[in-house]
Amino acid sequence: MTINAWVLAALSGIAALAAAMVVLLKPFPAVPGFEPAGVKPLLGWAALALGLISMVFSIRKRQSLQWPGELSIWRTVHVVVGLLFVVSLLLHSGGKLGAGVAFWLVALTTAIFLTGLWGIVSQGWIPAKMTQSLQDPVYKDKMQDDINLIMQQISNDLEGRSERFEQVYQRHILPAISLTRPWMAQQRAFFNRYDPTSDDVNAAYRDLGSLSLHEKEIFYTMAEKALDIIEIRRSQGFQALLNNWLDWHIAVASIIMAMAFMHVMASYVF
């Protein structure tokens, strides 16, 4: 992982330890009644403020790219403020799970911590893995159009070919373009298969003897396109690992804000 990811993971570990101490020690014993100016309500407001501040990063990331400061700094601040939110919410609860909305606030806070940690690890590890294992790493959310275009080109190349060519296609090209989530080993295997100098028993050149020179050229053109598809689909797999956590993180954060509003209403109105 990157140094920044290790630092954020370490801070997450410290926050988890602090949260565990709060749950173990329960610093604020339960008292009858409700005092709006008491320490626990103030901690609750502090937790709510920290939660709202941490969400500013989402606006900075998607809508306000011209704001001052590098995005990496904003991300670090987002993580730190988010961790303070987790600890302050547990302090507000007195280290107790509570019941009803209070229980779900603690449970969802645990979920947002875990999904955030998932994101730290993913973003600290996967980009380097992509650079190491892909020939031409692609960092795009939508790459399916590229695959569809190449598949159409392969289909066009297949038209009018001989029966023997179609047999070779089904043995060497079709399996490659049928892999929806290829592994690195599979990518290497197909690269070796298409290598005219390979000693692989499955090497394609062993089956090309009966093809014309023109069809051999077409085959290797299709092989290059098949390898492109594998490369893009591996990028898609990495992108899924890189971004899937974010859907859960945002969803949990949205639910927490709604629950917090209900909790405040219950405490001050009812």
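Just so you know, all these numbers are worked out from the coordinates, no wet-lab data involved. This structure is a prediction, so every number in the text was calculated from the model and none was measured. All Cβ positions, even for glycine, are placed from backbone atoms using ideal geometry, and neighbour counts span all protein chains on display.
Annotations
- Net +/- balance of residues flanking Ile147 in space, Cβ distance below 9 Å, scoring K and R +1, D and E -1: -2
- Förster radius 41 Å - calculated FRET efficiency between Ser212 and Thr2 (Cβ-Cβ, nearest 0.05): 0.20
- Taking the chain as the region of interest, the number of lysine pairs whose Cα atoms are within less than 16 Å, with members eight or more places apart or on different chains, is 6.
- log₁₀ of I(q)/I(0) at q = 0.27, 0.28 Å⁻¹ - the range 207-270, Debye sum with one point per alpha carbon: -1.02, -1.05
- Summed side-chain charge close to Ser133 - residues other than Ser133 whose Cβ falls under 11 Å, Lys, Arg +1, Asp, Glu -1: +2
- At least 15 Å along the helix axis (C-alpha) and Kyte average at least 0.5, DSSP helices within the chain: 3-25, 39-54, 71-92, 101-133
- Mean Cα-pair separation over length for the chain, i.e. relative contact order, pairs under 8 Å, 6 or more apart, %: 25
- Positive minus negative residues near Glu215 (Lys, Arg vs Asp, Glu; Cβ under 13 Å): -3
- Only helical runs count toward this figure. For the chain, summing -39,500 (n - 2.57) over DSSP H runs of n ≥ 4 and dividing by all residues gives -25000 deg cm²/dmol at 222 nm.
- Scattering curve values for the chain, log₁₀ I(q)/I(0), Debye with Cα scatterers, q = 0.12 Å⁻¹: -0.81
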